[in-house]
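Right, one structure below, let's go through it.
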C-alpha cells in the first residue's frame, strides 16, 4: 500500500470509531425518561429488578438518586418497551455505519 491509501484507511477507521461513539451517546440519551416524578434510564439490570416485584408498589432510586414510589409492573413495561425500541433503532443505525465503512 502506498502512503495515500494508508492515510485514507486510517481516516476511515477513525471516522468509524467516532461514528460509533456518537451513535452510542445518542441512544443512551434516548433511554432516559420521566415517570412518577423521577427520571429513569431503561437498562436490563433495572428491568430484572422490577420483574421481581410484580404488581407491587416499591420505592426505587431514579437517575439522580432520588427515592420515587412506583408501581413495579408499570415501570417495568415502560422500560422494556423503551429498551427494545432503542436497541432496534441502534442496531439499524449501527448496520448502516458498518456498510459505510
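Between residue 69 and residue 29, with labels modelled 7 Å along Cα→Cβ, what's the label distance in nm to one decimal, could you check?
My value for the distance between the label points is 3.5 nm.
Give the Kirkwood hydrodynamic radius (Å, one decimal) of segment 52-101, defined as one over the mean of 1/r across all pairs of different Cα atoms.
For segment 52-101, the Kirkwood estimate is 13.1 Å.
Sequence gap at least 6, Cα distance under 8 Å: using those rules, report the relative contact order of segment 3-100 to the nearest whole percent.
Answer for segment 3-100 is 28 percent.
Multiplying the sequence separation of residue 5 and residue 18 by 0.36 nm and subtracting their Cα-Cα distance, what value in nm do you get?
Taking residue 5 through residue 18 to full extension adds about 2.7 nm, to one decimal.
Want the number for residue 96 to residue 56: 0.36 nm per residue separation, take away the alpha-carbon distance, what's left?
10.2 nm
None of the figures in this text is laboratory data; all of them are computed from the coordinates on show. Computed from a predicted model, the values in this text were never measured in an experiment. So basically every Cβ, Gly included, is an ideal-geometry build from the backbone, and we count neighbours across all protein chains shown.
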